[in-house]
Amino acid sequence: MLLHLPTSVSEVQQHTAEGALPIGGATLVWASFQRDGFPDRAMSLRNLPEANALGPETLGSAVVLQRIDDRVPEVLRRAAGGIGTGAVRRAATVGGNIVGSTLRCLLPAALVLDTRATVLDTTGVYETDLTELLAKRPVLLGITWRTPLVSGYLKQEGDPGGPPPFVVATAVHAEPDGTRRLRVAVRDGYEFLTATTACDTDVDTVLHALENTDLGALPAEARDVVHGRIRDVLAR
């Protein structure tokens, strides 16, 4: 396998056109490579400056999870800190987790931050939403978001060998018209559910509004967990 380490976006575009497979920390794909065979060409973005950005509203795709600190919102920091062991977090990358993993542990946090993705395909660099990123899977360079007023994150304990642990991510943003908006994202097994509603009213009205979204179809026990996290974030 020929591993490319591009240092510029133009090199990334060239290697992509040549069929190089993007890899992050290879914490998840290595086993599949050993089972199915290694690709002829692979590409790591660890030497690309744009993919190593880390700031209050930006995170590069090649940033390893261990580097994610209090420069990013609480919901994203706690999501990263709860992934695997220290050894895994020192190798796994943001891009590998969001795009290359079936668990996508960072995805609920990214969803509630109303995240945009900076990506690259054969036409060049452009910005898109997470839905298109996961559907079309262009090369992810990084993500950006709007800083929330407050955010929160809960990952329940999981059973070894069982389904992925239940996750609830929440964030409240100030909107341009002066109102506040709550965003909620849930990982239930391998399914991701999202909802959003204005949250300038009392918490019971907010919870009632969310009952008419996809979250209302969750089992009663899961809804109680979600409601608890919403009450917590709105009380701050």
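The values are calculated or read from the model by the stated rules, or taken from the named source; none is laboratory data. Quick caveat, the model's predicted, so the values are computed rather than measured. As a convention, Cβ positions derive from the backbone with ideal geometry for all residues, glycine included, and neighbour counts pool all protein chains shown. Surface accessibility is based on the protein's heavy atoms, side chains included, excluding ligands, DNA and RNA. Shrake-Rupley method; radii C 1.70, N 1.55, O 1.52, S 1.80 Å.
From the list VAL72, VAL94, which residue is in contact with a Pro (Cβ under 8 Å, 6 or more places away or on another chain) and either over 18 Å from ARG46 (Cβ atoms) or crowded, with 17+ Cβ neighbours inside 10 Å (or both)? Working first, answer last.
Values: VAL94 fails: in contact with a Pro (Cβ under 8 Å, 6 or more places away or on another chain).
Criteria check complete, one pass: VAL72.
Taking the conditions exactly as written (open to solvent by 40 Å² or more (accessible area, probe 1.4 Å), more than 25 Å from THR170 (Cβ to Cβ), of a type outside the set (Phe, Trp, Tyr) and in contact with a helix residue (DSSP H, G or I) (Cβ under 7 Å, 6 or more places away or on another chain)), does ARG104 satisfy them or not?
On the way: open to solvent by 40 Å² or more (accessible area, probe 1.4 Å): yes; more than 25 Å from THR170 (Cβ to Cβ): no; of a type outside the set (Phe, Trp, Tyr): yes; in contact with a helix residue (DSSP H, G or I) (Cβ under 7 Å, 6 or more places away or on another chain): yes.
Against the criterion (open to solvent by 40 Å² or more (accessible area, probe 1.4 Å), more than 25 Å from THR170 (Cβ to Cβ), of a type outside the set (Phe, Trp, Tyr) and in contact with a helix residue (DSSP H, G or I) (Cβ under 7 Å, 6 or more places away or on another chain)), ARG104 does not qualify.
Give me a count of the residues in region 162-181 that are open to solvent by less than 40 Å² (accessible area, probe 1.4 Å), without any contact (Cβ under 8 Å) to a residue 60 or more places away in the chain and either assigned to a loop (DSSP other than H, G, I, E, B) or under 13 Å from GLY82 (Cα atoms) (or both). It would help to see each step written out before you state the result.
Going through region 162-181, the residues open to solvent by less than 40 Å² (accessible area, probe 1.4 Å) turn out to be 162, 164-173.
In the following step, the residues that additionally are without any contact (Cβ under 8 Å) to a residue 60 or more places away in the chain were identified as 162, 165-166, 173.
From the residues that got through so far, the ones that are either assigned to a loop (DSSP other than H, G, I, E, B) or under 13 Å from GLY82 (Cα atoms) (or both) too are 162, 165-166.
Selection size over region 162-181: 3.
Among (1) outside any loop (DSSP other than H, G, I, E, B); (2) open to solvent by 40 Å² or more (accessible area, probe 1.4 Å); (3) touching an Asp or Glu at 6+ places or on another chain (Cβ under 8 Å), there is one condition THR147 misses while meeting the rest; what is its number?
So THR147 meets the others, but not (1).
State whether one or more residues within region 117-130 are open to solvent by 50 Å² or more (accessible area, probe 1.4 Å) and of a type in the set (A, V, I, L, M, F, W, C). So that I can check it myself, show each step before the final result.
Of the residues in region 117-130, the ones open to solvent by 50 Å² or more (accessible area, probe 1.4 Å) are 122-123, 125-127, 129.
Next cut, of a type in the set (A, V, I, L, M, F, W, C) only: 125.
Within region 117-130 (the criterion being open to solvent by 50 Å² or more (accessible area, probe 1.4 Å) and of a type in the set (A, V, I, L, M, F, W, C)), the answer is yes, since at least one residue qualifies.
Mind telling me which of the residues ALA87, ALA42 ends up being in a helix (DSSP H, G or I) and out of contact with any Ser or Thr (no Cβ under 7 Å at 6 or more places or on another chain)? Working first, answer last.
Values: ALA42 fails: in a helix (DSSP H, G or I).
After ruling out the rest, the residue left standing is ALA87.
Of all residues being more than 24 Å from ARG90 (Cβ to Cβ) and modelled with pLDDT of 80 or more in region 21-46, which is least open to solvent (accessible area, probe 1.4 Å)? Just the residue, please.
It comes out as ARG41.
Would you say THR128 is farther than 30 Å from GLU11 by Cα, polar (S, T, N, Q) and in contact (Cβ under 8 Å) with a residue 12 or more places away in the chain? Steps first, please.
Details: farther than 30 Å from GLU11 by Cα: no; polar (S, T, N, Q): yes; in contact (Cβ under 8 Å) with a residue 12 or more places away in the chain: yes.
Judged against the criteria, THR128 is not a match.
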